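Asker: Questions regarding the structure given below will be posed in turn.
The values are calculated or read from the model by the stated rules, or taken from the named source; none is laboratory data. Since we're looking at a predicted model, the values are computed, not measured. In this analysis, Cβ positions are derived from the backbone assuming ideal geometry, glycine residues included, and neighbour counts consider all displayed protein chains. What goes into the accessible areas is simple: the full protein's heavy atoms, side chains included, and nothing from ligands, DNA or RNA. Shrake-Rupley method; radii C 1.70, N 1.55, O 1.52, S 1.80 Å.
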Amino acid sequence: MKLKMTLLAASLIVSMTGAAKAEDPSKLNDLEIAHVAYVADVIDIRYAHLALAISSNPDIHEFAKTMIRDHEAVNEQALALLGKLNAQPQDNFLSQSLQKGAEELITEMSQLRGDAFDKRYAENELAYHKAVNNLVENAFIPNIENAEVKSLFEAGLEIFKAHEGHAEMMVKKVN
Amino acid sequence: MHRRRFLQTSVAALAATGSSSALHAATKAPTHHDITIYRFKFVPDTLDVRVGDTITWQNKDIAPHTATANDDSWTTDELGKRQSQTLTVTAGMSGDYYCVYHPHMKAKLTIAS
């Protein structure tokens, strides 16, 4: 079951990003996992800034501000922990794949306006958080070796699950 | 005559009882309450309080939160990780409250009469 969920999460990420070849996220080391998480946070912050720039829907604005506030808080904790451990996150296939997918999606969403943008943004937030949460819960947390890094990911997962629930509410509101 | 005396006695007794209760309520020391914000929940999520009591909300999550009345009549500031804020209970604080950043986080204060 865990393997199935891991593969599901990986395939979601890969399909989101359009990568041709799937590699195994569960084989990443702690520093690569930290890099993926940091990139995933930054991507969602970029989506949120795009929403603030394009959308005129107050609910979308509040949601986007929450995404910025929370993801910045998580990244601040992650950087503090890496500093304490005197470690540098390591770039890897999954970070690159996420970034590529994000660039494509930002280009697409930048062309949308009004309700079309709001729906695309909300639906992507839901899909994105579902995919990342599956990845974090089933591929990353079971394989993280450092206890403090694992604890940070567990706390982060609580936040991102809350975001997933919030995104579900947003999708209902804009549809 | 008897009826008047009875009424006078009853009113005096009632007044005395009322005064006693009022005095008791007025002299009862305010109580302090702690509410922890953890894993996107207010703990406890329901709390019985009295006007004059104090409540401290402490955030143990990484994500910032608030405790804000549903009708926006009162709120804490933004509480970052490990931050806390204490408010003194006023009569208008009875009712539901939530986190403005995470609207699914809900809780309730009930003010004893």
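Asker: Within region A:89-99, which residues are touching a helix residue (DSSP H, G or I) at 6+ places or on another chain (Cβ under 7 Å) and farther than 19 Å from residue A:147 by Cβ? Explain how you work it out, then say what you get.
Answerer: At the first step, the residues of region A:89-99 found to be touching a helix residue (DSSP H, G or I) at 6+ places or on another chain (Cβ under 7 Å) are A:89-92, A:94-95, A:97-99.
Result: A:90, A:91, A:92, A:94, A:95, A:97, A:98, A:99.
Asker: Would you pick out the residues in region A:53-89 that are open to solvent by less than 40 Å² (accessible area, probe 1.4 Å) and within 12 Å of chain B (Cβ to nearest Cβ)?
Answerer: A:63, A:64, A:66, A:67, A:68, A:70, A:71, A:73, A:74, A:75, A:78, A:81
Asker: Kindly list the number of the only condition in (1) within 14 Å of another protein chain (Cβ to nearest Cβ); (2) under 17 Å from the mean Cα position of the chain (by Cα) that fails for residue A:141.
Answerer: Unmet for residue A:141, out of (1) within 14 Å of another protein chain (Cβ to nearest Cβ); (2) under 17 Å from the mean Cα position of the chain (by Cα): (1).
Asker: So, one more: Being assigned to a helix (DSSP H, G or I) and touching a Lys or Arg at 6+ places or on another chain (Cβ under 7 Å) narrows it down to one of A:134, A:138, so name that one. Steps first, please.
Answerer: On the way: A:134 fails: touching a Lys or Arg at 6+ places or on another chain (Cβ under 7 Å).
Only one candidate qualifies: A:138.
Asker: Which residues, counting only those in region B:48-68, are more than 14 Å from chain A (Cβ to nearest Cβ), over 14 Å from residue B:86 (Cβ atoms) and outside any loop (DSSP other than H, G, I, E, B)? Spell out the reasoning first.
Answerer: The initial filter retains those residues of region B:48-68 that are more than 14 Å from chain A (Cβ to nearest Cβ), namely B:48-58, B:67.
Those left that are additionally over 14 Å from residue B:86 (Cβ atoms): B:48, B:50-51.
Result: B:48, single match.
Asker: Within region B:54-113, which residues are surrounded by fewer than 14 Cβ atoms within 10 Å (Cβ to Cβ), among the hydroxyl-bearing types (Ser, Thr, Tyr) and modelled with pLDDT of 95 or more?
Answerer: Listed by number, the residues that qualify are B:73, B:86, B:88, B:90, B:110.
Asker: Continuing with the same structure: Those residues that are among the hydrophobic types (A, V, I, L, M, F, W, C) and either within 19 Å of residue A:58 (Cα to Cα) or more than 14 Å from chain A (Cβ to nearest Cβ) (or both), I need them from region B:69-113; list them, please.
Answerer: To start, the set of residues in region B:69-113 that are among the hydrophobic types (A, V, I, L, M, F, W, C) comprises B:69, B:74, B:79, B:87, B:89, B:91, B:93, B:99-100, B:105, B:107, B:109, B:111-112.
Once the filter is applied, which keeps residues that are among the hydrophobic types (A, V, I, L, M, F, W, C) and either within 19 Å of residue A:58 (Cα to Cα) or more than 14 Å from chain A (Cβ to nearest Cβ) (or both), region B:69-113 yields B:69, B:74, B:87, B:89, B:91, B:93, B:99, B:100, B:107, B:109, B:111, B:112.
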